[in-house]
């Protein structure tokens, strides 16, 4: 496997930026999440404010078509933005607005892609872990955190945190950058095969997308694992 490199590489990893300059649920009696405590305890550091945390998140895992995309972001100290949150909670316009600010002000950021061909050859589970390995290689940081519950084997330890995209600002930023990047890719793919509606459904299994697959058949940008599942579901319904 070729190592990821900065923009225009075979793996199409884009890395820009260099250098390093929730409430309490009383019913469940859950402790309030504190970023400083998380960094200090997870990465065993005393000065958490000086710690360069790289947040990572993926988008497109459940899509029928298109690549898997993930972002990685190291935010500067005291970075604030009123719309910095999980990308799923923002409109497309809001995501584009915040992504522009993140790319401009981040200490470092990167976007990586795993192609449909790689997903078809090696599986989505492999792709979901390997994309974070590529990002660790692409972004220099003191520690790495990804959203979810994954075991990632990389050059540096990666801590997985469920709901990290809502708890860790850097992971929220990564989710936004990744989502904007993948949406643009799917719009480009849409222009080549507009009958699938990818500009609207982003490759996910929306009714219009499923209907187009039944009518026109699969496209090379479709993932075989989802096509097999879709065909099996259609056969079950027909039976």
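The values are calculated or read from the model by the stated rules, or taken from the named source; none is laboratory data. Small disclaimer: the values here were computed from a predicted structure and weren't measured. Using ideal geometry, Cβ is built from the backbone for each residue, glycine included, and neighbour counts are taken over all protein chains shown.
On the given criteria, is residue 11 within 30 Å of residue 226 (Cα to Cα) and either surrounded by fewer than 14 Cβ atoms within 10 Å (Cβ to Cβ) or modelled with pLDDT under 70 (or both)?
Yes; evaluated as a whole, the condition is true for this residue.
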(message) Return the residues of region 47-62 that are more than 20 Å from residue 101 (Cα to Cα) and buried (at least 24 other Cβ atoms within 10 Å of the Cβ); say none if nothing qualifies.
(response) 60
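Of 197, 203, which residue is more than 21 Å from residue 85 (Cβ to Cβ) and either modelled with pLDDT under 95 or surrounded by 21 or more Cβ atoms within 10 Å (Cβ to Cβ) (or both)?
Numbers: 197 fails: either modelled with pLDDT under 95 or surrounded by 21 or more Cβ atoms within 10 Å (Cβ to Cβ) (or both).
Exactly one residue qualifies, and that residue is 203.
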(message) Looking at region 203-214, I want the residues that are at negative phi and have a partner that is modelled with pLDDT of 90 or more and assigned to a helix (DSSP H, G or I) with Cβ atoms under 7 Å, at least 6 apart or on another chain. Which pairs are those?
(response) 208/201; 209/196; 209/201; 212/195; 212/196
(request) From (1) surrounded by fewer than 21 Cβ atoms within 10 Å (Cβ to Cβ); (2) at pLDDT 95 or above, pick out the condition that doesn't hold for residue 71. (result) (1)
(message) Looking at 129, 99 in this structure, which one is assigned to a helix (DSSP H, G or I) and either out of contact with any helix residue (DSSP H, G or I) (no Cβ under 7 Å at 6 or more places or on another chain) or more than 23 Å from residue 66 (Cα to Cα) (or both)?
(response) 129
(request) Working carefully through the options 171, 139, find the one that is closer than 24 Å to residue 38 by Cα, at pLDDT 95 or above, buried (at least 24 other Cβ atoms within 10 Å of the Cβ) and over 14 Å from the mean Cα position of the chain (by Cα). (result) 139
